[in-house]
Structure formats: structure tokens, C-alpha cells
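J.: Handing you this structure, nothing more for now.
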């Protein structure tokens, strides 16, 4: 495609502004490790919330949504829409608890909740397991999206793309720390959203599409529009709807949607001014991420079914794309090649923003684990603040290099998404219950982590063709079910056959965090002078349900208005407004 001088100027301006933000925040970020990783714990909810949304708007996200829509229709998005339940649980139950912990990272939590060498091992191991292994996989999927986008839209090869993206992202991430990431995310978010919405509007006006009504009535599209899969076929509704809503959201661990909060979401909650700002940030994130943002991607994905019905059509149009990178996810980038001069520059800048915002967050988050939870805690506790910041900057570079190499070996984002879900299957309940059930100990978490990884290894590597455990075609979702069942039984058994944490550790945690006392009765009855926290958890879970209904109503309302279904759209809008009113009225009680 032809990229004009104006388009290149827009892209160049975007890079320059991102670097300027990094330079402006570099001095403050270099003063201490807490300034570098938490920006002094004084961030407002709106900046943190926008940053969460910007981070999850990665360049591989529209690719993933496109892949899902082309294969399974709009209803296939329940694979990630179900994680809203996790998000709302974090908003109303866990956000304030994380802020009370006053940790630098969520891994520091382990030595607050557990004691002794098992807690130290858990913290050190997960610092590398999550901060390096998982983090590099996630960043590699983002880099893969950048490779595919630039290959189609700019004609760049994988190596050229990775060098450009890595140099600019590492530069402002390593200079400005978390504050630089947050401010750049804020700028990049609006560029990304403008580009996505404008691109969807333009695509609808293409001669091959004609209008939104023409698109929705096209034979390639009309059977892809339902919000829910057909309930007549268990091979459709079980994996696409029942599994995500009944099991996946609470039982699996996935970065950015961790049950009980965690990762870079926890990092932003920990950097909030106070508990209320932590709650506000996560609430804004869930409303924007699940309720408002998906539709521009969905519209373009549906339009791609008209212009590029098959993968072979994409291959014909872009013969220079390597065969191992071909897939349905490429259709999103392919559609963007139809955009005109000026708009293509904005959209390219928006996609670059999506890549860089996600990479920068994961670089800072992963680096915080390496420095705070491994290097400082176990290698050099006496390290100076200057040395810790330097270690953070160096680890930022190394993480980006590893992610770039892995990106060259991956083929599509959905593949990585499914692998990560399988590895985390069965561990989610631990992260939900460990705050409220005194009996969970460090060995519980170690067992959950080890067993889930072994089960994932069995299904993905030892038995990828499912010949040892027979699973019929179309029932691959049973792998997650097996993973959840085996891992959950395993960690529950380990919990009861191992020694509980010492009362001193448990009471220290309880006094600091002040969780609901429902699961702490066995400990508290031995210490009758301890104050019991009661009555709030049922109300918080009720707000979680209301919040989830509200956001799903927003999601469906937007879709129904686009579909021209006035009556159901109006009903969904009213439900969303009622839910919003209840939450606003309850806001004063969220402390």
C-alpha cells in the first residue's frame, strides 16, 4: 500500500511525543525504585484506569477478536468477555485489599500472607516464572501482531519491525518508569481509540460493503451476529459460553484478568493515591474494556468476511507474507490497507500505540518482579536505589530482546491465548480464596502452580493429538476442564496434608489487610480480642453482580443499536443506566 508523506509525518510525530514523555519523566523515575515502579503511590484513578485500558488494547487484541469472529462469530468473544466477572470481583472486593497491602509488587504479597522458606521460594520462583517466562510469551504475541501489521501495511520484514518497535518502546519505558508508561498510555489510548473507530466507519463505506445494513445482511456475515451461540449444539454453546461463564473466569489465571487481581492491574492499584482511587481505576477499566471498546474491532472483522472470506484470499492479496504467519487474524490488518491517505497514518499510529502501550507496561511490570522480588530480595538486599533503578532499566532491555526472538517462532495470538489459559487452569480459585480462607498456605500455591503446568505440558506437548486421553473433535474445551479438575483436587489435598501457616503470620496479615472474617473464624476464636470484619463481603459481591450486569448491558446495547434492534437496545440501555445508578449511589460506601 502507498504511505504518503502525511502518513509518515503523523507516525513520526507519535514516536517523538512518546520519547519526549519518557525524557520528561526520566529524572523523577530515577530517584528510587518505588518512583520507577510505582510512581510514588500518588496516581489518580482516571490516569490508572486509562492506562489499564490502553495496556489491554494491544495490537494483538483486534487480531485476536478478528480471529474469533471469523471462526466462531460474535458469540465466540465470550472466551474473553467472561473475564468481566473476574474484573468486577477485583473492583468491589480486591482493589482495596491490594492497596492496603502497600506492597511494591503483588509478589511481595507472598511474604505478607505466608511465612518462612516456602513463602520466600514462592516469591522468588514466581518472580522469574511470571516476570520472565509468562511475560515474555505475552510480549511475544504483541510483537507478533506488530510483525503481521507492518508486513501487510508497510511491507516491512519481521526483523525490521522488531528493531523499530523494540528501540522506541525500550527507550521511553526504561527512562520514565511507571509514570512515563502511564502518561504515554494516556496519550496512546486516545490515538488508538480514534484510529479504531474512524477505521470502522470508513470500512463500512467501502464499495464492497456499502453500509452497515448491507454488511449485516450479507450471507457471509448474517450467521455470525448472534451474541450467544446456538443452544442446539453442545459443541458450540459449551466451549463458547458455558465453560467461560461457569468455570473459566474464576478457575483460570490469565494476565490482565487474574482472579483476585494481580500483575500489572495490581501494580496500578498499588500505585493509586488511596483505596477509593484503586477501586475507581479498576471500575473504569472494566466498563471501557468490556462494554465499549470491542465493537469497532468486531465491525472490521465482520467486514473482512466479505472482502477476504478465506485465508487463501488474504494469501492471494499479500503473497509476500510468510506461510507460517498466515491466519484469520491477518484479516484485520488486511482490511486497514483500504484506508485513505491521512487516515492510514492515524490508524498506523494507533496500532503502534497499541503495541507500545502493552509492551511498555509488561516491560515495567516484569522488570519490577526481577528487581524487587528477585534481585533485591535474594541477590543483593543492600543494593542502593540508584543500582536498583539501573537493574530495572537493564532488565527492561533483556526482556524485550527475549520477547523479540520468541515472536519470530509464534504463528497466531489465539494459539498463545489458549496455551496460557491451559497453564493457568485450576489456579484461579487459590488467588480468590487466599485472602479469605486462613487454611491456604504457601504449599497450596506451589502445588497449584506445579500441577497446572504439568497438566498443560501433557496436553500441549506430550499428548497434543489427544490419543492418550481421547477427546472428540470439537470438544477440545475438555482440556481446560481436566486441567481445572486435576489441579483443584491436587492443591486442596496438599492444603490439608501440609501444616497451616503460623498464627503469628496469619494474624499479621489479618490486621494489615482487614479482610472479611468469614474464613478466619478458626483463627480468630483463639484470639477473642481481635476485631472481626463482618457484613461487607455479601454487599461487595452484590455490587460485583450489579456491575457485571451493567457492563454486559452496555456491551449488548451498543451492539443492538448497531444492529438496528431498537426495542431490545432500549431495554439494554435502561438496564445499564439502572446498574450505573445503583453503583453511583453505593460509591460513598466503597472504602
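Laboratory data are not the source of any read-out in this text; all were calculated from the coordinates shown. This is a predicted model, so every value here is computed, not measured. Here the Cβ positions follow ideal geometry from the backbone for every residue, glycine too, while neighbour counts run over all protein chains shown.
J.: If you stretched the chain out fully between residue 159 and residue 526, how much longer would it get, using 0.36 nm times the residue separation minus the C-alpha to C-alpha distance? Display every interim value, and only then the final one.
T.: Details: separation 367, 0.36 × 367 = 132.12 nm, distance 6.25 nm.
Extra length from residue 159 to residue 526 when fully extended: 125.9 nm.
J.: Over the chain, what is the mean sequence separation of C-alpha contacts under 8 Å (at least six apart), divided by residue count, expressed as relative contact order in percent?
T.: Values: 952 pairs, mean separation 161.7, N = 591.
Taking the mean separation of contacting Cα pairs over the length of the chain, I get 27 percent.
J.: If I fit a long axis through the Cα atoms of helix 478-497 and take the longest principal axis of the Cα atoms of the chain, what angle between them do I get, 0 to 90°, rounded to 10?
T.: Between the helix axis and the principal axis of the chain, the angle is about 10 degrees.
J.: How would you rank 107-117, 200-210, 437-447, highest first, on the average number of other Cβ atoms within 10 Å across their residues? It would help to have the intermediate numbers written out before the result.
T.: Numbers: 107-117: 19.9, 200-210: 15.7, 437-447: 21.8.
In descending order of packing, they fall as 437-447, 107-117, 200-210.
J.: Rounded to the nearest 10 degrees, what's the angle between the helix 135-153 long axis and the longest principal axis of the chain, both from Cα atoms, 0 to 90?
T.: 10
J.: Helix 385-407 sits at what angle to the longest principal axis of the chain, using alpha carbons and giving 0 to 90 degrees rounded to 10?
T.: Long axis of 385-407 versus the principal axis of the chain: about 40 degrees.
J.: Could you give the distance between the Cα centres of the stretch 87-146 and the stretch 219-285, to the whole Å?
T.: 18
J.: Further question: Cα centroids of the stretch 502-570 and the stretch 357-387: how far apart, whole angstrom?
T.: 31
J.: For 105, 498, what's the fewest-to-most ordering of other Cβ within 10 Å of each Cβ?
T.: Ascending Cβ contact count within 10 Å gives the list 498, 105.
J.: Additional query: What order, most packed first, do the peptides 289-297, 397-405, 257-265 have when packing is the mean number of other Cβ atoms within 10 Å of each residue? Walk me through the intermediate numbers first.
T.: Numbers: 289-297: 21.2, 397-405: 18.9, 257-265: 26.0.
Highest mean packing first, the order is 257-265, 289-297, 397-405.
J.: Could I ask something else about it? Between residue 514 and residue 545, 0.36 nm times their residue separation minus their Cα-Cα distance comes to what?
T.: Details: separation 31, 0.36 × 31 = 11.16 nm, distance 2.25 nm.
Once the chain is fully extended between residue 514 and residue 545, it gains 8.9 nm.
J.: I want to make sure I understand the PRE zone here: with the label point 7 angstrom from the Cα of residue 454 toward its beta carbon, which residues in the stretch 481-510 have backbone N atoms less than 15 Å away?
T.: Flagged as within label range: 483-495.
J.: Next question, about the same structure. Run the helix sum for the chain: -39,500 (n - 2.57) per DSSP H stretch of 4+ residues, divided by residue count, reported at 222 nm to the nearest 500 deg cm²/dmol.
T.: Values: 28 runs with 383 residues, N = 591.
That comes out to -21000 deg cm²/dmol.
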